[in-house]
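So the structure is just underneath, and the comments pick up after that.
The numbers here are math on the coordinates, done by the rules we state, and not lab data. Quick caveat: nothing in here was measured; it's all calculated off a predicted structure. Backbone-built Cβ (ideal geometry, glycine too); neighbour counts: all protein chains shown.
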Amino acid sequence: MTQPRTDTLEQALAQNRFEWWDSLQELGRELKRDKPGLIGVILITSLVLMAVFAPFIAPHDPAAQDLTARLAPPVWYDKGTWNHILGTDHLGRDVLSRTIHGARVSLWVGAAVVLVAGGFGVVMGLMAGYLGGRTDAFIMRWIDTQVAFPGLLLALIILAVIGPSLFTVVVVLALNGWMVYGRMTRSAVLSIRESPYVEAAEVVGCRWPRILFRHILPNLTSPLLTLAILEFARIVLAEAALSFLGLGIQPPATSWGLDVAMGKNYMFMAWWLVTIPGCAIAVTVLAINLVASWLRLISDPQEREKQYARHMAGVMRKNLHAVLEKEKEPEAP
Amino acid sequence: MTASRKTPLLEARDLVVNFYTRGGVVQASRGVSFQVDYGQTLGIVGESGSGKSVAVQAVMGLIFTPGHIEGGDILFKGRSLLDPAGRKFVRQVRGKEIAMIFQDPMTSLNPVFTIGTQITEVLRHHMGMTRNQARHRAMELLDMVDINAPEKRLKQYPHEMSGGMRQRVMIAMALACEPQLIIADEPTTALDVTIQAQILELLADLQQRLNVSVILITHDLGVVAQLCHRVAVMYAGRIVEVGDADQVFASPVHPYTKGLIRATPRLDMVTERMVSIDGVPPDLISPPRGCAFFPRCDQAGKACSRMQALIELGDDRHVSCWCAAKENVR
Amino acid sequence: MGRFLYRRLIHGLVVILGVTVIVFVVTRMVGDPVQVMLPLESTPEQRAAFEQKLGLDRPIHIQFVEFMGNMARLDFGESLWQKRPAMDIVFEKLPMTILLTAVGIGFACVMAIPLGIIAALRPGGVVDRVTVFGSLLGLSVPQFWLGLLFIVVFAVQFKILPTSGTGTPSHILLPALTMGLPTLARLVMLVRSSMIDELNRQYVKTSFAKGLPFVRVVGLHALRNAGLPIMTLVGWEVIRSLAGYSVVVETVFAWPGIGLTAIQAIEREDLILIQAIVFTAAVCVVLINIAMDFLYKLIDPRLKLT
């Protein structure tokens, strides 16, 4: 993509305004090329929309009990009805509605934990990396120590003592998960700090907040974004596990993990109670992982070249002659 | 001096190697032919990207995906190395009768094994030696390349040695099975100038003592002049001039060779400005049809836009240039 | 070497201390422990007696010092639930978790390393694509759900394997599979990408140029270099499992390990047993970390133990 030559300062400044729109378009093009990434993005967008508009989309109130319609099977069974497309649980609550509302909890917890843990971790990492010396040593010791804690056990205990709820789950998961952001940010800061342009900025007299925001932070966004997305996936799974164990989201709120735990008791006669919420979790996490690997691919040109080489190798192995013929065509006079 | 009529030790014929990348198909080698006789040293010179490493990697079977040998042949002692039926022959030859030294000794040696292990494994695999025999021979080899305290060195790891010493180890590894041909791909480029001189002396010495053939790849004309009997000049994936080293340097025929020699700084001439060759090498994804040097050549004529082949000029000298052909015919 | 060991041990002690202090604080300062531990109908006299017995009537800092002293002797007191020394219970259940971890992660390693190598060797091929897709799937599926699915499919539909408990070798099959599958997914991706990176390195070309056999170059030269990140991951997975992440699998399959016991202790608010379990988990983590550091040095001689 060639940029038109700018002969005047005004033209150059005018160009900047459209840069971010161009990058967005470029991103869209990249997405179309990479099918798994595209599927991931579509799925995630649908899930977010579903979560946001849950009250309007869900056919029933997820907490509404109807004991006359307990354990109703999904619609494709004999006893199923269109009233409850995916069946009902042991209290007659509609599985579809519960699944749709469950998305709210999972996505909300994921986002909240990533923001809190990420925010704290990045700040710690910036401080450790930029200020160095005692601050760095202290923060790193703290991280090294906390990383060695048996996180899940402590989380379970704390949740049991202070009482599980949406808020406490977020707090506990954030407490457990900030260290990885800290380490990553610190190492990124350390490597950027040594680069000539930061040195130049310091020499010129830039004060450290400016250096931090103008020079260091922009370089962090790409790896940080990938990390955040991967952590998001991990948190969704962690919340589901906590809810499954009974120390996460509590009834009457809906959570996919909770639904699986409750469905467990009726597993052998009403398999859909366990399968559907579990599928929802798997699909969500899969979509997030797809987006994460797509992001990793486009942000590292080496990875793309490697992927292309692998793809070509497979194609070449299968059908070498076709490839050779195809390559020779453009040379025809 | 006519070329000997008996089979050359190594011969490459019209070697074509392509690399399939995201940006397109890179034609790294577009019909490369050369030969090396017994006891001879051939220097291959050219700038980065001219295809010199690719050509010899093809000899050693080091062209991996996304690279692919599209055409041509490589004959060692008359037998093809590219023939899929001759795989057993190739396995025997590689490492034993043809050995290779690479450019950067730090990355060329396995960092997690001692150099003793790395030398002895070649001996034990190709020559069937026992561990003790291999150790003895390894110490002999280290001695041959002027490394002191061989017994201590065998237990050391590559990162515990200096660059020059690592390259000596590479040479020792190459010599292990008494090969008949050694291919050295820019053996001194990654080293300090003083160490360069030492390594080159070592190579020259070994070549004379052991009467081993050498293919020396480099971009440094001075090295070639010092060590090689014959020289081949490569440009844009093709050999543009090949012949006896002294003759080629004394009276180059191809405009590119002339340009290279002019561009080489000399201590005995006072120059005010460095001379370079105008322009840049062509993109090998869509190389030009005719002479690749055409856009930069000051002797270009109309005929140069057609495909050209190596023309023999007598005295075992070949040039790929229409103008040279015209000159000679005259 | 000695200095390194010393520093790591100090670090380990800090970790264990930190963990236990947190549990101590959380369990004693939040809420009223006595109320939690005694049945509702107990009289004030019974409560007072209980308090005295546990030493809860003394000031908190004295309690803490006593607690530390006991901890050093591995004496956490009697489990409120099972009425026997808490550490005894731990020592009973720990081997079960270790067994589950060993089988599960062992299975993952045995499968992942060959699969990853083949995927790396034949890029774009069937194994490569199936491996990548399968791993993505394996990473996305929640472990508890996987376990339940296995139970429904194998134990109920096909009735070939038991659903829970222990006793026979076939009892460990499903739990180990459930535990190992996410590890397998992560590991195979790592092996694949590490091997792809290593196989592109110069020393591999040198080894091929030396005429060494393919198996030796890939399986020894390349794999050993890729070993470090692989080993780090395996160690981390083992640590995770012993640090309590076995809870999920043990709960689903009623596998009597420390994870299940921890959940049961939490349910029954048996603070003493909880403390003992958390302490043990922290010790395991520290020991394995130290062992890993030594193993690193064995694999990669370039590392210096600092």
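The figures follow:
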item	result
Size of electric dipole in chain A: Cβ of Lys, Arg +1 and of Asp, Glu -1, about Cα centre, debye, nearest 20	420 debye
Cα gyration tensor of the stretch A:75-185 - equivalent ellipsoid semi-axes, whole Å, descending	42, 15, 10
Residues with amide H under 5 Å from that of B:Ile44, placed H, sequence gap 5 or more	B:Leu216, B:Ile217, B:Thr218, B:Ala232
Evaluated at q = 0.12, 0.16, 0.24 Å⁻¹: base-10 log I(q)/I(0), Debye formula over Cα of the stretch B:93-182	-0.30, -0.55, -1.29
Over the protein assembly as shown: helical MRE at 222 nm, DSSP H runs n ≥ 4 each giving -39500 (n - 2.57), nearest 500	-19000 deg cm²/dmol
Using alpha carbons only: equivalent-ellipsoid semi-axes of chain A, gyration tensor based, whole Å	43, 32, 19
Projected-area mean, the stretch A:232-315, by convex hull of Cα positions, square nanometres	7.8 nm²
Cα centroid separation - the stretch B:107-169 against the stretch C:230-306, whole Å	42 Å
Equivalent ellipsoid semi-axes, the stretch A:145-272, via Cα gyration tensor eigenvalues times 5, rooted, Å	43, 15, 12
Global size of the stretch C:259-306 as Cα Rg and Dmax, reported in angstrom	16.7, 50
Contact order normalised by residue count of chain B, Cα under 8 Å, 6+ apart, percent	21 percent
At least 15 Å along the helix axis (C-alpha) and Kyte average at least 0.5, DSSP helices within chain B	B:163-175, B:193-210
Distance in nm between pseudo-label sites at B:Met269 and B:His159 (7 Å out along the Cβ direction from Cα)	4.7 nm
Stretchable slack from B:Ser48 to B:Arg262, in nm (0.36 nm times residue separation minus alpha-carbon distance)	75.2 nm
Where labels lie 7 Å past Cα in the beta-carbon direction, separation of A:Asp61 and A:Val203 in nm	7.0 nm
Estimated dipole of the protein assembly as shown in Debye, rounded to 20 [Cβ of Lys and Arg +1, of Asp and Glu -1, Cα centre]	1400 debye
Highest average packing first - C:187-200, C:268-281, B:140-153, Cβ atoms within 10 Å	C:268-281, C:187-200, B:140-153
Whole-Hz couplings from phi, Karplus 6.51/-1.76/1.60, listed for the stretch C:132-145; x for Gly and Pro	5, 5, x, 5, 4, 5, x, 7, 8, 7, x, 4, 5, 5
Volume per residue that the Cα convex hull of the stretch C:78-159 spans, once the total is divided by residue count, Å³	149 Å³
Theoretical FRET efficiency, 1/(1+(r/R0)^6), r = Cβ-Cβ of B:Asn211 and C:Val215, R0 45 Å, to 0.05	0.85
Hull volume in cubic angstrom per residue (convex hull over the Cα atoms of the stretch B:70-131)	127 Å³
Cβ-Cβ FRET estimate between B:Phe64 and C:Glu267, R0 fixed at 60 Å, reported to 0.05	0.55
Peptide A:301-312, shielding by other chains (average Cβ, 10 Å cutoff)	5
Residues whose placed amide H lies under 5 Å from that of B:Thr21, excluding near-sequence neighbours	B:Val26
Taking only Cα atoms of the stretch B:129-222, radius of gyration then Dmax in Å	13.5, 43
Centre separation in Å (Cα based) which lies between the stretch B:216-283 and the stretch A:34-91	75 Å
Taking the convex hull of Cα positions in the protein assembly as shown, its mean projected area over all directions (nm²)	53.0 nm²
Theoretical gain in end-to-end length, B:Glu178 to B:Glu151 [0.36 nm per residue, Cα-Cα removed]	7.6 nm
Unit charges at the beta carbon, dipole of chain A: most positive-side option, A:Phe56, A:Pro252, A:Thr221	A:Pro252
Two-site label geometry, B:Tyr38 and C:Gln202: point separation in nm, points 7 Å out along Cα→Cβ	3.4 nm
Kirkwood hydrodynamic radius over Cα pairs of the stretch C:118-251, then Stokes diffusion coefficient at 10 °C and 1.306 mPa s, in µm²/s	93 µm²/s
Sites B:Asp298 and B:Gln226, calculated FRET efficiency, Cβ-Cβ separation with R0 25 Å, nearest 0.05	0.30
Shape box of the stretch A:50-138 [Cα atoms, principal axes, largest first, Å]	70, 23, 21
Other protein chain Cβ atoms within 10 Å, averaged over every residue that makes up C:244-255	3
Normalised per residue, the volume of the convex hull around the Cα set of chain B (Å³)	157 Å³
Cα gyration tensor shape for chain C, rounded if a/c is under 1.5, else prolate or oblate	oblate
Positive-pole candidate from B:Gly237, C:Trp81, A:Leu237, dipole of the protein assembly as shown, charges at beta carbon	B:Gly237
Cα principal axis extents for the stretch B:1-109, largest first, Å	44, 33, 33
Listed pairs B:Lys258/C:Lys205; A:Lys32/B:Lys52; B:Lys96/C:Lys297; A:Lys35/C:Lys205; B:Lys6/B:Lys88 exceeding 27 Å between Cα atoms	B:Lys258/C:Lys205; A:Lys32/B:Lys52; B:Lys96/C:Lys297; A:Lys35/C:Lys205
Global size of the stretch C:195-306 as Cα Rg and Dmax, reported in angstrom	20.6, 66
Per-residue HN-Hα couplings for the stretch B:218-226 [Karplus 6.51, -1.76, 1.60; θ = phi - 60°; Hz; x = Gly/Pro]	7, 10, 9, 5, x, 4, 5, 4, 6
Taking chain A and dividing mean pair separation by its residue count, relative contact order in percent (alpha carbons under 8 Å, at least six apart)	20 percent
For the stretch C:227-276, the spread of Cα positions along each principal axis, largest first, Å	43, 24, 11
Built amide H within the under 5 Å cut-off of B:Ile183, gap 5+	B:Ala99, B:Met100, B:Ile101, B:Ile215
